[in-house]
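Since every read-out is calculated from the coordinates, none of them should be taken as a lab result. Computed from a predicted structure; not experimentally measured. Note that we place each Cβ from the backbone using ideal geometry, even for glycine, and neighbour counts take in every protein chain shown.
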Amino acid sequence: MNIALITGASRGIGRATAILLAQMGWRVAVNYTRRRDAALEVVDVIEQQGGSALAIQADIADEAQVIAMFAEIDRQPGQLTALVNNAGILFQQATLEQLSAERINRVFATNVTGSFICCREAVKRMGHHHGGKGGAIVNVSSAASRIGAPGEYIDYAASKGAMDTLTKGLSLEVAAQGIRVNGVRPGFIYTEMHADGGEPQRVDRLAASIPMQRGGQPEEIAQAIAWLLSEDASYITGSIIDAAGGR
Ligand code: NAD
C-alpha cells in the first residue's frame with residue numbers, strides 16, 4: 001500500500017487533503033503537534049469511509065521528532081510515496097518594525113527548516129538511488145510569497161518564498177531519482193489560521209479584492225494537491241499552481 005504523509009493534517013487544508021487522499025486509495029499518515037483528538041477525528045472520518053489512516057505526533061520544527069515520525073512510518077506496512085509539506089504557522093499581524101528575531105526564527109523553523117527536513121527524510125525513502133520506488137512531494141506555499149503580506153506578516157511571506165525556492169531546487173535535484181516536487185500557492189482560504197493572525201474574519205474582509213469575489217475552501221486546495229501527487233501529473237515537476245481565485 002502506498003503511504004502519504006501530510007504534515008499539520010488535524011485541521012484546515014491538511015485535514016481536507018488527508019480525507020481526499022484516503023478516498024483516492026492512499027494510506028494516510030496524519031501528522032499533528034498537539035491536538036491528538038482532532039487528528040484522531042480525521043483518522044475516524046477516513047476509516048468510516050473505508051479508508052486507511054494513522055495519526056502521528058511530531059513537531060516538524062524539531063529534527064529529532066521528524067526523524068522519529070519517519071521511523072514510525074517505516075514500521076507501517078507499505079511504502080511512503082507521497083509527502084505533503086502542509087504544516088505552517090504565522091503570528092499576529094504586525095509591521096516589519098515590530099518583528100523580533102525570535103518570532104522570525106520561529107516562523108522559519110517550522111515553515112522552512114521543517115519542510116526541508118521532511119523533504120530530506122522523504123527523499124531518502126523514495127529515491128531510486130536509495131532503492132526506493134519514487135514518489136511525489138507537494139509543498140504548500142502561499143500567494144503571500146508573491147504579494148509579500150505588507151503590514152500583516154512579511155516573515156511568513158518570506159518563509160513561503162523560501163519554500164518556492166525549495167520546490168524549484170529539489171525538483172531538479174531529484175528529478176532523475178523518480179521523485180516529482182511541486183508546489184501549491186493558496187490564496188485566501190477559510191481556515192482557522194487567520195484567527196492565529198488575530199483576524200478570524202480576514203477572508204471575508206478581503207473577498208471583494210479577489211477577482212473571483214470569494215475566498216476559497218480547504219477542499220479546493222486539496223484537489224490541486226491531490227492532482228499533483230497523482231499519476232495524472234506524471235510529467236510535472238518543479239511547477240507551482242496558484243489556487244487563489246485569480247489573486
Ligand atoms: P491551519 O492553521 O488550520 O493548519 C496548519 C496546521 O499546521 C495546523 O494543524 C497546525 O497545528 C500545524 N502545524 C503548525 N506548526 C506545526 C509544527 N511545527 N509541526 C507540525 N504541525 C504544525 O491553517 P491552514 O490554512 O490549513 O494552513 C495549511 C497550509 O496552507 C499552511 O502551510 C499555510 O501557510 C498555507 N496557506 C493557507 C492559506 C489560508 O488562507 N488559509 C493561504 C495560503 C497558504
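Numbers at a glance
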quantity: Packing-based ranking, highest mean first, of 111-117, 54-60 given that Cβ atoms within 10 Å are counted; calculated: 111-117, 54-60
quantity: Whole-Hz ³J(HN,Hα) from phi, Karplus 6.51 cos²θ - 1.76 cosθ + 1.60, for the stretch 15-26, glycine and proline x; calculated: 4, 4, 5, 4, 5, 5, 5, 5, 5, 7, x, 6
quantity: Whether the stretch 172-247 is rounded, prolate or oblate, judged on the alpha carbon gyration tensor where a/c under 1.5 counts as rounded; calculated: prolate
quantity: Angle between the chain longest axis and helix 36-48 axis [Cα atoms, degrees, rounded to 10]; calculated: 60 degrees
quantity: Other-chain or far-sequence residues with amide H under 5 Å of ALA243's (modelled H); calculated: ARG185, GLY187
quantity: Stokes-Einstein D (µm²/s) once Rh is taken as the Kirkwood radius of the stretch 41-149 over alpha-carbon pairs, at 20 °C in 1.002 mPa s; calculated: 134 µm²/s
quantity: Computed label-point distance, nm, for sites ASN2 and GLN76 using a 7 Å Cα→Cβ extension; calculated: 1.4 nm
quantity: Protection proxy ranking of 25-36, 144-155 - average other beta-carbon atoms within 10 Å, highest first; calculated: 25-36, 144-155
quantity: Cβ-defined net charge surrounding ALA53, 12 Å radius [Lys, Arg +1; Asp, Glu -1]; calculated: -1
quantity: Calculated over the chain: convex hull of Cα atoms, volume per residue (Å³); calculated: 116 Å³
quantity: LEU206-GLU47 FRET efficiency (beta carbon distance; Förster radius 41 Å; 0.05 resolution); calculated: 0.65
quantity: Full-stretch length increase - ASP242, LYS133 - with 0.36 nm per residue and alpha-carbon distance subtracted; calculated: 36.4 nm
quantity: On Cα atoms only, tilt of 154-174 relative to the major axis of the chain in degrees; calculated: 30 degrees
quantity: Cβ crowding within 10 Å averaged over residues, with 119-126, 213-220 ranked highest first; calculated: 119-126, 213-220
quantity: Nonlocal amide H pairs with GLY216, under 5 Å, H built at 1.01 Å; calculated: PHE188, ILE189, TYR190
